[in-house]
Amino acid sequence: MSSVSLLESFGQINATLPDMPQKKVMLLGAGRVGRAIATDMAEAHEIVVADASASQLERLKRDNPKIQTKLADFLAIDTLKPEISEADLIITAVPGNLGYQVVSQITELGKPVVDISFFAEDPYDLESLAHKSGSIVIVDAGVAPGLSNFLLGYELTQQTIDTFICYVGGLPIERPWPFQYKAPFSPSDVIEEYTRPVRQRIGGQLVTKPPLSEVELIHIDGIGTLEAFNTDGLRTLLRTTKVPTLIEKTLRYPGHAEYMQVLAYTGFFSEKPIDINGLSVVPRQLASHLLGQAWDMKPDERDCLIMQLQMQSGRKTIQYTIIDYADEAKQVSAMARTTGYTCTAIASWLLAHPESLQPGVYAPEQIAAHSDCFSFVRDYLKERGINIQRAEKPVSIDLSSFSDDQRF
């Protein structure tokens, strides 16, 4: 298989992005990914960051005194109306369980919003509200879903794609016992990923499968052997594309999935309260707290992000590979880099080209159809050291291990 960078594959480009007038951006969420977004956007724009954590906001101010901060409750959007009304664009990087409510309130205010919260609800339920208020809403603007969708969307403008398989995961460089995992974002969101029923399309048929199922081993050049298991990350692709086979799997070090399966089987991920000596306990809340301690990634711990996309077009396979590492100097994890900088790339494109989209809800695969958007995002990530490799080989993808039972 021949492998070239995305820049080489699609022609050399000018790696210096065009200057644009400074705009005002409001960011909700100052967690690991929010911090990466804030410091990146602050290089070109005025940014105000709201969060309920005073310590997170104080760290942001230490990192970059230009960043304005506001202590606020995400669910009390009314208290943020002055800042929101003055902003040219809102970015939401809140926990997934708050995402839909927060995005819907901002949409109602008629502001453009770029979201990475990965909420469970259908984002297209906001379509009529966005049209009514005049809001442009771009959802799932992270790495996967996000950049994975974006690259598939671009390929669909060039050729027919028959099969799309996304393998993706964030992993610590060191493999700590017993989970061999550290969470680069909220542990509750990781558990949500391990518990949502998995929606796929196999041979044109919509199917549902258990999370953490169909564990397989996959070799990634430069990394080694990892395990992959089903997770529900396709989301909008099941609606916006007609690709007959769509599959997404999460990557971890071998053995991790079995630990999670045991916890799930035992009931630790249940949201149904149980009574213990007269005390009501929600198992998932307890698991989230304990696993959060075990999975806590310290600032000096390094991680990597691995994403491999396999797309079949006729008799050839197109493969995208992204391997990114933490920025030790800035103490920004690989997951925060790839998620945050994809978000800021899309947000910066929208700020530079607000006329490109009409009010409504958009996923990354839809905006990739704009040729100027694809080149803008590609160049933006390249400037930040996120390298995308694209390769082709005249071999079909073997789908024999993917069943099509358990149909809706």
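The values are calculated or read from the model by the stated rules, or taken from the named source; none is laboratory data. Source: prediction; values computed, not measured. FYI the Cβ positions are ideal-geometry reconstructions off the backbone, even for glycines, and counts take in every protein chain you see. Surface accessibility is based on the protein's heavy atoms, side chains included, excluding ligands, DNA and RNA. Shrake-Rupley method; radii C 1.70, N 1.55, O 1.52, S 1.80 Å.
Summary of values
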| quantity | calculated |
| --- | --- |
| 1 or more residues without any contact (Cβ under 8 Å) to a residue 40 or more places away in the chain and open to solvent by less than 10 Å² (accessible area, probe 1.4 Å): qualifying helices (runs of 4 or more DSSP H) within the stretch 323-401 | 334-352, 371-383 |
| Residue, nearest to the chain's Cα centre (by Cα), within the stretch 178-192, restricted to residues that are open to solvent by 30 Å² or more (accessible area, probe 1.4 Å) and aromatic (Phe, Trp, Tyr) | 185 |
| Where a residue in the stretch 56-78 is closer than 21 Å to residue 96 by Cα and its partner, wherever it lies, is small (Gly, Ala, Ser) and part of a loop (DSSP other than H, G, I, E, B), with Cβ under 6 Å and at least six apart | 56/30; 57/30; 73/52 |
| When residues of the stretch 335-378 are limited to those that are of a type in the set (D, E, K, R) and at pLDDT below 95, the one nearest to residue 324 (Cα to Cα) | 378 |
| Number of positions in the stretch 380-399 that are more than 23 Å from residue 345 (Cβ to Cβ) and either polar (S, T, N, Q) or touching a Gly at 6+ places or on another chain (Cβ under 7 Å) (or both) | 1 |
| Strands (runs of 3 or more DSSP E) fully within the stretch 204-317 counting 1 or more residues that are surrounded by 15 or more Cβ atoms within 10 Å (Cβ to Cβ), hydrophobic (A, V, I, L, M, F, W, C) and in contact (Cβ under 8 Å) with a residue 12 or more places away in the chain | 205-209, 216-220, 224-230, 245-252, 303-313 |
| Residue match in the stretch 158-177 (condition: within 30 Å of residue 88 (Cβ to Cβ), in contact with a Lys or Arg (Cβ under 6 Å, 6 or more places away or on another chain), open to solvent by less than 40 Å² (accessible area, probe 1.4 Å) and not hydroxyl-bearing (Ser, Thr, Tyr)) | no |
| Looking only at the stretch 20-66, and only at residues there that are open to solvent by 30 Å² or more (accessible area, probe 1.4 Å) and of a type in the set (A, V, I, L, M, F, W, C), the one that is farthest from residue 344 (Cα to Cα) | 54 |
